[in-house]
C-alpha cells in the first residue's frame, strides 16, 4: 500500500518524482507509523549530553551549596531535572540555562547521597549524569537566641510568635510588655531617635530613667535597648560621645542591659564601636533598580569592617520595600534566604527583620501580607 508525504525538495536527492499537490509517493519503512512527516525523516534519536558541574563527584558538602549541571543537545535542551536520592530538589526542573539551584543539605542526614541530573530535548530523548557526594553537617546549630521583628505597634504578634521570632521591637511601656508576655515574646525596646538635624536626643535622660524603671522587672523585658537609628557622625561630630553617655545611663538603670544602634555607612562604623554594646548594620542589599539580583556583597562588606574593628553585631535583614521613589524593593523568598546565608557565615550574634508593616503608604506590600516571605522566615528562624 502506498502513502503520500510532504516533499523535501533539495533534501531528498533520490527517489520519486513529485507532483501536485507537492507530494511524493514512498513506501513505509518497517518501523514507521501511519502518520509521518518531515520530523519522521529527520527523526532525532540523539539524547542530550548532561554533566553535573557542582558539587564535584566525591565531594563532602554541608549547609546550602550550589547544585548545577551543564547540558547540550543537537537540537536544543528543553529542561533539566536535578535529583537527590531519587527526589527532585526544590527549584527543579529548570528550562533555561544556567541549570542551577541552591541545595540545602541540612534537610538530609549526614552520609553518602546520590545526585542525578536528567536533561531532555523536544523529541523526548533523555541524557543522564550521576555522582555521589557526602553530606557532613554535624549536629544542627541551635537557632540564634535573638530573632527579632520590627513591629512597634504589635500588629502581628501572633504570627510573629508562630513563625519563630523571639524578640519584637516595642516601646517602653508596661502595657506593651504585657502584650509581648501573652505571646511568650521578649522586648527590644526603642528609646527614641538621635536627631541628625539638632544633634541631640529627642527624648531626655529623665524620660529614659522613668520609662526603663517602669519596665525593669517585667517578665517580657528582653534587656535589649535600641539607643538610636542611623546617627551620622559627619553631620554631628558630638554624636559618638552623646550616644556613649546615653548607653552608660541605660546600663546604670539596668544591670542586664545590652545597648545597640543601627548604622549603614561603613566608613562611620569606627565612630560607633565602643559607644554601644552592639552595632546593627542595616545596609540592605535588594534595590528597586535591580530586579534580577541583590547586592549580597554589601552584607559581606559590613561584616568584614565590623570584624576588623572587633565589634559585636546583630544583622538587620531586609523584608520590606520602599514606597515609589525609594531605594529598596521586596526580596523574594530565595533572596531573603540568601541574606541569611551570608549573615550566618559571619560573627553576627542574632538578627532582626525590617519590617512587619512597611512601606507606610502601600499595605499590599507589607510583610504582614506576604505569606511566602513569612513561610521563608519560619524556615530561617528554625535554623
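Could you list, in sequence order, the residues of the range 201-218 that are without any contact (Cβ under 8 Å) to a residue 40 or more places away in the chain and not in a helix (DSSP H, G or I)? Correct list: 202, 203, 204, 216, 217.
The combined condition, being surrounded by 15 or more Cβ atoms within 10 Å (Cβ to Cβ), in a loop (DSSP other than H, G, I, E, B) and out of contact with any helix residue (DSSP H, G or I) (no Cβ under 6 Å at 6 or more places or on another chain), is fulfilled by residue 144.
Identify the residue in the range 109-119 that is exposed (fewer than 15 other Cβ atoms within 10 Å of the Cβ) and in a strand (DSSP E or B) and, among all such residues, is modelled with the lowest pLDDT. Write out each step before concluding.
As a first pass, look at the range 109-119 and keep what is exposed (fewer than 15 other Cβ atoms within 10 Å of the Cβ): 109, 111-112, 114.
Pick out the ones that are also in a strand (DSSP E or B) and you get 111-112, 114.
On the way: 111: 89, 112: 93, 114: 96.
Among residues in the range 109-119 that are exposed (fewer than 15 other Cβ atoms within 10 Å of the Cβ) and in a strand (DSSP E or B), the one modelled with the lowest pLDDT is 111.
Looking only at residues in the range 267-294 that are touching a strand residue (DSSP E or B) at 6+ places or on another chain (Cβ under 7 Å) and farther than 23 Å from residue 244 by Cα, the one that is modelled with the lowest pLDDT is 288. Within the option set 189, 202, 171, being within 30 Å of the chain's Cα centre (by Cα) and over 17 Å from residue 146 (Cα atoms) holds for one residue only, 171. Kindly indicate whether residue 261 is surrounded by 22 or more Cβ atoms within 10 Å (Cβ to Cβ) and under 28 Å from residue 199 (Cβ atoms). The answer is yes for residue 261.
Could you list all residues from the range 224-246 that are crowded, with 18+ Cβ neighbours inside 10 Å, free of Cβ contacts under 8 Å to residues at least 40 places away in the same chain and part of a loop (DSSP other than H, G, I, E, B)? Steps first, please.
Step one: list which residues in the range 224-246 are crowded, with 18+ Cβ neighbours inside 10 Å, which gives 224-228, 231, 233, 236, 239-240, 242-243, 246.
Of the ones still in play, those that are also free of Cβ contacts under 8 Å to residues at least 40 places away in the same chain are 225, 228, 233, 240.
233 - this is the single residue of the range 224-246 that is crowded, with 18+ Cβ neighbours inside 10 Å, free of Cβ contacts under 8 Å to residues at least 40 places away in the same chain and part of a loop (DSSP other than H, G, I, E, B).
Quick one: is residue 184 part of a strand (DSSP E or B), over 30 Å from residue 60 (Cβ atoms) and at pLDDT 95 or above? Answer is no for this residue.
Would you point out which residue out of 307, 323 is free of Cβ contacts under 8 Å to residues at least 60 places away in the same chain, loosely packed, with under 15 Cβ neighbours inside 10 Å and either over 16 Å from residue 346 (Cβ atoms) or under 14 Å from the mean Cα position of the chain (by Cα) (or both)? Working first, answer last.
Numbers: 307 fails: either over 16 Å from residue 346 (Cβ atoms) or under 14 Å from the mean Cα position of the chain (by Cα) (or both).
From the options 307, 323, the qualifying one is 323.
Of the residues in the range 254-262, not one is closer than 30 Å to residue 363 by Cα, assigned to a strand (DSSP E or B) and under 14 Å from the mean Cα position of the chain (by Cα). Only one of the numbered conditions (1) surrounded by 14 or more Cβ atoms within 10 Å (Cβ to Cβ); (2) at negative phi; (3) out of contact with any strand residue (DSSP E or B) (no Cβ under 7 Å at 6 or more places or on another chain) is violated by residue 63, and that is (2). Among the residues of the range 352-383, not one is surrounded by 20 or more Cβ atoms within 10 Å (Cβ to Cβ), in a loop (DSSP other than H, G, I, E, B), out of contact with any helix residue (DSSP H, G or I) (no Cβ under 8 Å at 6 or more places or on another chain) and touching a residue at least 60 places away in the same chain (Cβ under 8 Å).
Listed here are the residues, each with its yes/no results for (1) under 26 Å from residue 138 (Cβ atoms); (2) at pLDDT 50 or above.
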site: 24; (1), (2): no, no
site: 30; (1), (2): no, no
site: 38; (1), (2): no, yes
site: 48; (1), (2): no, yes
site: 57; (1), (2): yes, yes
site: 60; (1), (2): yes, yes
site: 107; (1), (2): yes, yes
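Residue 97 falls short on exactly one of the conditions (1) surrounded by 12 or more Cβ atoms within 10 Å (Cβ to Cβ); (2) in contact with a strand residue (DSSP E or B) (Cβ under 6 Å, 6 or more places away or on another chain); (3) over 30 Å from residue 367 (Cβ atoms), and that condition is (2). Applying the set (1) assigned to a loop (DSSP other than H, G, I, E, B); (2) exposed (fewer than 14 other Cβ atoms within 10 Å of the Cβ); (3) not assigned by TED's automatic domain parsing to the domain that holds residue 375 to residue 153 leaves exactly one unmet item: (3).
The values are calculated or read from the model by the stated rules, or taken from the named source; none is laboratory data. The structure presented is a predicted model; accordingly, all values stated were derived computationally and were not measured. Note: ideal-geometry Cβ built from the backbone for every residue, glycine included; neighbour counts use all protein chains shown.
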